1. Given points 7 Å out from each Cα along the Cα-Cβ axis, report the V61 to E111 separation in nanometres with one decimal.
2. Sort the stretch 231-308 into rounded, prolate or oblate with this rule: let a ≥ b ≥ c be the square roots of the eigenvalues of the Cα gyration tensor; rounded if a/c is under 1.5, and if a/c is not under 1.5, prolate when a/b is larger than b/c, oblate otherwise.
3. May I ask you to evaluate 6.51 cos²θ - 1.76 cosθ + 1.60, the Karplus curve with θ = phi - 60°, for each residue of the stretch 67-74 and list the ³J(HN,Hα) values in order in whole Hz, giving x for glycine and proline?
4. At 1.4 Å probe radius, can you tell me the per residue accessible area of the chain in Å²?
5. S187 versus E81, label points 7 Å from Cα toward the beta carbon: distance in nm?
6. Of W159, G178, N127, which is farthest towards the positive pole of the stretch 119-265's charge dipole, taken about the Cα centre with +1 and -1 on the beta-carbons of Lys, Arg and Asp, Glu respectively?
7. Determine which aspartates and glutamates satisfy two conditions relative to K26: a Cα distance under 20 Å, and not lying fewer than 8 residues away in the same chain.
8. In the chain, what percent of the accessible surface is made up of carbon and sulfur (1.4 Å probe, ligands and nucleic acids excluded)?
Amino acid sequence: MNSFLDIHTTDKAELRGMIDAARRMKNARNGQPKGTPDADAPLKNRMVALIFEKPSTRTRVSFDLGVRQMGGQTMVLSGKEMQLGHGETIADTARVLSRYVDLIMIRTFEEATLLEMAEYASVPVINGLTNRTHPCQVMADVMTFEEHRGPIAGRKVVWSGDGNNVCASMIHAAGQFGYDFTFTGPSTLDPESEALEFARAQGVQAIVERDPVKAVQGADLVVTDTWVSMHDPQSARERRHNQLRGYQVNEALMGQAKADALFMHCLPAHRDDEVTSAVMDGPNSVIFDEAENRLHAQKAVMRWCLGV
Ligand code: CP
């Protein structure tokens, strides 16, 4: 039984296997209608709980659809409506759910909640985002880069903006998939130093460059995300916007990257804040491929978790 808790805590070869499996499964669907079941139905008779303590569009729909395509069934649960949100412990919730379902995906606030769920569950647990990381998103991003440009190993990836949870997973993935990573943003919103140190320990460059123009030179991929994450207080909005304005991804900044550099954003985006519409809708943007690939990457993650 494998839980998928983070990219840096999952074996490199296993991560590569999941990306390759996701591509094979995507190709095998061959453009069929979205509700068409996969021929092999690997999740037949399996029940999957999808727990959301935060809002979601992509994670909710892509996990639900992915389970259905693989022949399984889902229960989509809101944390607020569960006893979990009214005093029942995480450990007891994990033990109870393990008697009903074969797999648990949870989107939550604190990483400790995810880890406790995984510790006490007797079925695999998948990280659907915490305040600290978002590994499923970055598995889809690696898959998307490679679909468009071939192997990501040895490439230069630049993150411009807030060093948030998606950024942390992208740094972990630099170490595991072998690409160089540059963060550019204000020092108050730096990514966790542990993530940068993890990537460096795997033998790749993981650096901070305050000047966004210098940072994106030679980039194969430029990535950004919303300036105010779901767990950030709305009272911080104005301060963050003031700090981050100089790190907006616009056509001038993209012009400093390689001519064929891709642009990614995990979505939802705030158009013309962290990225201009011209870049989001421009020829180098692959944002909707990223969104689609959440489906395929997570199907591979679920199969790996269940060993099917
Ligand atoms: N990117 C992402 O996780 O989207 P949702 O918040 O809509 O799930």
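1. Taking the simple label geometry, V61 and E111 are separated by 3.0 nm.
2. Verdict is oblate for the stretch 231-308.
3. 5, 5, 4, 8, x, x, 10, 10
4. Spelled out: the 1.4 Å probe surface of the chain, per residue, equals 42 Å².
5. So the two model labels end up 4.8 nm from each other.
6. Positive-most Cα among the choices belongs to W159.
7. Counting by Cα, and skipping residues close in sequence, K26 has these aspartates and glutamates nearby: E14, D38, D40, D64, D141, E146, E147, D289, E290, E292.
8. C and S atoms contribute 48 percent here.
The values are calculated or read from the model by the stated rules, or taken from the named source; none is laboratory data. Note that this is a predicted model, so its numbers are computed, not measured. Because the Cβ atoms are built from the backbone with ideal geometry, glycine has one as well, and the counts that use them run over all protein chains shown. Note: accessible area is taken over every heavy atom of the protein model, side chains too, but ligands, DNA and RNA are not part of it. Shrake-Rupley method; radii C 1.70, N 1.55, O 1.52, S 1.80 Å.
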